[in-house]
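Have a look at the structure below, then the notes.
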Amino acid sequence: MDTAGPIISRMREPISRDARLALDLALTIRHDGTGGVADDLTDPAGLTAWVRAHPDVLPDAAFGRTGDHREGPAAGTAPQPADGDGEDAGFTADAAQLAAVRELRAAVRALFARAVLPDEPSPADAARLMSPREAVRQLNAAAARTPSVPVLHWPEDAGPAVRWRPARATGDLTAALARAVIAFLTGPDRDRLRACHAPRCVRYFLKEHPRQEWCKPSCGNRARVARHHQRHKTTTQPHEDRPSGLPSSTPQGRPRYPTGL
């Protein structure tokens with residue numbers, strides 16, 4: 001199983017916070033290392049672990065830091081921490097949040113498939129993608145779940161940037177994800193998006209250089225090995241209509257060459 005962290009962490013070119021979040025959401029569908037497809041978001045525990053692994057991109061949802069105002073969480077809304085207020089309490093997903101995020105992910109992967117055209121999409125779900133029209137509708141509906149306002153972010157070691165924060169105290173996890181995906185799909189990083197078609201791989205990735213074909217070196221190695229085996233198979237398979245002058249075969253299938261060769 002591929003357990004090497006998010007692929008985008010190994011990018012040579014810096015990518016935006018929104019691109020990083022959008023890609024990591026799509027990459028919760030991945031190959032399982034044995035020829036199948038694994039899904040990291042099959043239950044609330046999986047979503048809980050995924051959100052907690054992204055505190056830099058979803059700080060409010062990850063640790064419940066949503067201000068002093070407390071209210072009951074709605075469906076798809078990051079719950080408030082219990083009595084143990086703070087980072088130790090953490091984020092815990094429920095079934096409603098899981099369903100909302102999985103629905104959003106399906107829309108994201110459908111739009112990723114559209115973005116890589118005319119290339120082929122990821123084989124993980126190519127046969128069951130929702131229509132681009134429906135994917136756009138669902139993405140926009142998810143982004144509208146929580147009104148948001150722009151907030152200036154200007155650290156000492158970087159330039160100023162705008163971030164969007166929920167207008168009300170309790171932030172909506174699905175809305176935050178949807179806004180990040182919209183920013184990625186409308187930004188310059190979208191042109192680098194590709195689907196990896198190495199054997200068994202189902203990832204999307206951002207190209208680091210123009211000639212890059214695969215998401216990571218191990219996929220490139222598998223693709224080259226597969227190509228070598230295919231060429232070897234093609235050159236060694238028996239031919240029913242073998243042209244005259246070529247060596248015949250023994251009953252065991254081994255070529256019989258003229259003596260002296």
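Yes or no: Arg105 in contact with a helix residue (DSSP H, G or I) (Cβ under 6 Å, 6 or more places away or on another chain), in a loop (DSSP other than H, G, I, E, B) and either basic (Lys, Arg) or modelled with pLDDT of 95 or more (or both)? No: the conditions fail for Arg105.
Return the pair list, or none, for Cβ contacts closer than 8 Å from residues in segment 179-200 that are at negative phi to residues that are assigned to a loop (DSSP other than H, G, I, E, B) and of a type in the set (Phe, Trp, Tyr), at least 6 apart or on different chains. What qualifies is Cys196/Trp214; His197/Trp214; Ala198/Trp214. Ala89 falls short on exactly one of the conditions (1) at pLDDT below 80; (2) under 21 Å from Trp164 (Cα atoms); (3) not charged (D, E, K, R), and that condition is (2).
Taken over segment 27-39, the criterion of being surrounded by 13 or more Cβ atoms within 10 Å (Cβ to Cβ) and in contact (Cβ under 8 Å) with a residue 12 or more places away in the chain is satisfied by Leu27, Thr28, Ile29, Arg30, His31, Asp32, Val37, Ala38.
Here is a yes/no grid of residues against (1) of a type in the set (S, T, N, Q); (2) open to solvent by 70 Å² or more (accessible area, probe 1.4 Å):
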| site | (1), (2) |
| --- | --- |
| Pro123 | no, yes |
| Arg128 | no, yes |
| Gln138 | yes, no |
| Pro150 | no, yes |
| Pro160 | no, yes |
| Leu173 | no, no |
| Ala178 | no, no |
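One residue is enough: does segment 146-165 have a residue meeting the conditions in contact with a strand residue (DSSP E or B) (Cβ under 7 Å, 6 or more places away or on another chain) and among the acidic types (Asp, Glu)? Checking segment 146-165: not a single residue is in contact with a strand residue (DSSP E or B) (Cβ under 7 Å, 6 or more places away or on another chain) and among the acidic types (Asp, Glu).
Only residues that are open to solvent by 50 Å² or more (accessible area, probe 1.4 Å) and within 25 Å of the chain's Cα centre (by Cα) were counted across segment 162-171, and they come to 4. Number of residues in segment 170-205 that are more than 13 Å from Leu21 (Cα to Cα), of a type in the set (A, V, I, L, M, F, W, C) and not in a loop (DSSP other than H, G, I, E, B): the value is 2.
Here Glu156 meets each of (1) at pLDDT 75 or above; (2) closer than 21 Å to Leu23 by Cβ; (3) exposed (fewer than 10 other Cβ atoms within 10 Å of the Cβ) with one exception, condition (2).
Restricting attention to segment 108-123, the residues that are touching a helix residue (DSSP H, G or I) at 6+ places or on another chain (Cβ under 8 Å) and in contact (Cβ under 8 Å) with a residue 60 or more places away in the chain add up to 9. Evaluating Arg256 against the criteria (1) in contact with a strand residue (DSSP E or B) (Cβ under 7 Å, 6 or more places away or on another chain); (2) of a type in the set (D, E, K, R); (3) at pLDDT 85 or above leaves one unmet condition, (3). Restricting attention to segment 13-47, the residues that are in a strand (DSSP E or B) and farther than 25 Å from Ala96 by Cα add up to 1. Condition (residue is of a type in the set (A, V, I, L, M, F, W, C) and at pLDDT 95 or above) applied to segment 62-84: is it met by at least one residue? The answer is no; no qualifying residue exists.
The values are calculated or read from the model by the stated rules, or taken from the named source; none is laboratory data. A quick note: this is a predicted structure, and the numbers were derived from the prediction, not measured. Reconstructed Cβ throughout: ideal geometry from the backbone, glycine too, with neighbour counts over all protein chains shown. Ligands, DNA and RNA are stripped out before the accessible areas are found, and what is left, the full protein with its side chains, is counted by its heavy atoms. Shrake-Rupley method; radii C 1.70, N 1.55, O 1.52, S 1.80 Å.
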